[in-house]
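The values are calculated or read from the model by the stated rules, or taken from the named source; none is laboratory data. Everything quoted here is computed from the prediction, not taken from an experiment. Note that we place each Cβ from the backbone using ideal geometry, even for glycine, and neighbour counts take in every protein chain shown.
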Amino acid sequence: MINFYAIRAIYRFEMARTFRTLTQSIASPVLSTSLYFIVFGTAIGSRMGEIGGVSYGAFIIPGLIMMSLLNESISNASFGIYLPKWTGTIYELLSAPVSPVEAVVGYVGAAATKSMMLGLLILVTARIFVPYHIEHPVWMVGFLVLTAVTFSLFGFIIGLWADDFQKLQIIPLMVVTPLTFLGGAFYSIGMLPPIWQKITLANPVVYLISGFRWSFYGQSDVNVVVSLGMTLVFLLVCLGIVAWIFRTGYKMKT
């Protein structure tokens with residue numbers, strides 16, 4: 001039987017930490033993304049033509065939201081589980097009547113919630129700078145939730161793997177951010193030469209951004225079914241890794 005009290009306790013603790021640091025957790029990412037809207041959407045976008053019938057400022061909105069969502073999901077989840085490891089309180093969690101499933105749901109649920117809050121705030125903020133429409137709002141929310149949960153799981157894995165605070169930043173800064181910039185956040189991969197279009201398809205972030213953009217404007221670089229399938233595959237891979245970590249105690253009991 002699932003211990004909902006344990007899940008709620010972990011979830012509320014993590015959410016409380018967010019509300020204690022609103023400037024760092026919410027205000028700073030929203031401000032940073034707003035600068036992208038000002039520079040790329042207003043200054044540069046006004047001098048560029050439309051992409052697939054969509055103004056450039058509106059075209060980059062899904063990419064910017066996805067970029068913030070990926071980074072914040074990883075950051076929130078990795079720091080949330082690494083902090084108990086660093087302070088030694090993770091042993092209390094391991095010895096408490098809390099199953100691995102309950103711990104993962106609590107930590108990942110809180111990280112995903114924070115990321116989705118940020119994504120929705122950025123979406124509202126974007127309206128100040130550029131007009132846009134959402135053609136498939138239900139699918140938009142679905143992709144938002146699925147991506148937030150998937151990359152919160154990925155961040156949870158990074159938090160368990162990391163030995164110090166520097167390692168928490170290696171993968172987000174050295175891997176995820178470059179993949180996001182090269183994944184079509186600011187352009188359509190159809191604008192690239194044919195050989196680079198094929199190479200770009202090896203970038204998993206392409207499928208996330210493409211599917212999310214389709215929910216806004218009904219157009220995408222990759223078939224939306226393929227985008228959804230790739231996201232689900234990554235989610236299942238992360239779930240498998242988390243299950244293995246808890247089964248073996250990797251980086252947790254040593």
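If you take the residues in region 65-79 that are of a type in the set (Ser, Thr, Tyr) and within 8 Å of the chain's Cα centre (by Cα), which one is surrounded by the fewest Cβ atoms within 10 Å (Cβ to Cβ)?
Ranking the qualifying residues of region 65-79, first place goes to Ser68.
Looking at Arg213, Arg247 in this structure, which one is part of a helix (DSSP H, G or I), surrounded by fewer than 20 Cβ atoms within 10 Å (Cβ to Cβ) and among the basic types (Lys, Arg)?
Arg247
Go over the candidates Phe129, Phe59 one by one and state the one that is touching a strand residue (DSSP E or B) at 6+ places or on another chain (Cβ under 7 Å), farther than 26 Å from Lys167 by Cβ and surrounded by 14 or more Cβ atoms within 10 Å (Cβ to Cβ).
Being touching a strand residue (DSSP E or B) at 6+ places or on another chain (Cβ under 7 Å), farther than 26 Å from Lys167 by Cβ and surrounded by 14 or more Cβ atoms within 10 Å (Cβ to Cβ) holds for just one of Phe129, Phe59, which is Phe59.
Give the number of residues within region 164-183 that are assigned to a loop (DSSP other than H, G, I, E, B) and modelled with pLDDT under 85.
Total meeting the criteria: 1.
When Ser55 is evaluated against the numbered criteria (1) within 30 Å of Ala9 (Cβ to Cβ); (2) in contact (Cβ under 8 Å) with a residue 12 or more places away in the chain; (3) among the polar types (S, T, N, Q), which criterion, by number, is the only one it fails?
(1)
Does Thr177 satisfy the criteria of being hydroxyl-bearing (Ser, Thr, Tyr), within 13 Å of the chain's Cα centre (by Cα) and surrounded by 20 or more Cβ atoms within 10 Å (Cβ to Cβ)?
Judged against the criteria, Thr177 is not a match.
Residues of region 203-228 being of a type in the set (A, V, I, L, M, F, W, C), within 14 Å of Ser188 (Cβ to Cβ) and touching a Phe, Trp or Tyr at 6+ places or on another chain (Cβ under 6 Å), which ones?
Phe212, Val222
Within region 138-159, does at least one residue satisfy the condition of being at pLDDT 85 or above, surrounded by 15 or more Cβ atoms within 10 Å (Cβ to Cβ) and within 27 Å of Met48 (Cα to Cα)?
Yes; the residues of region 138-159 include at least one that is at pLDDT 85 or above, surrounded by 15 or more Cβ atoms within 10 Å (Cβ to Cβ) and within 27 Å of Met48 (Cα to Cα).
Suppose we keep only residues that are of a type in the set (Ser, Thr, Tyr) and touching a residue at least 24 places away in the same chain (Cβ under 8 Å) within region 71-93. Which one would you say is nearest to Phe151 (Cα to Cα)?
Filtering first and then ranking leaves Ser73.
Just give me the residues in region 193-217 being among the small types (Gly, Ala, Ser) and either within 16 Å of Val175 (Cα to Cα) or touching a His at 6+ places or on another chain (Cβ under 7 Å) (or both), in sequence order.
Ala202, Ser215
Output the number of residues of region 189-210 satisfying the condition of being within 19 Å of Leu70 (Cα to Cα) and over 15 Å from the mean Cα position of the chain (by Cα).
Matching residues across region 189-210 total 4.
Yes or no, residue by residue, for (1) surrounded by 13 or more Cβ atoms within 10 Å (Cβ to Cβ); (2) of a type in the set (D, E, K, R):
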site	(1), (2)
Phe186	yes, no
Ile195	no, no
Lys198	no, yes
Val225	no, no
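Checking the structure you have, find out if any residue of region 136-148 is over 30 Å from Ile7 (Cα atoms), not basic (Lys, Arg) and not in a helix (DSSP H, G or I).
Yes.
Phe186 versus (1) under 28 Å from Phe37 (Cβ atoms); (2) modelled with pLDDT under 90; (3) in a helix (DSSP H, G or I): which is the lone unmet condition?
(3)
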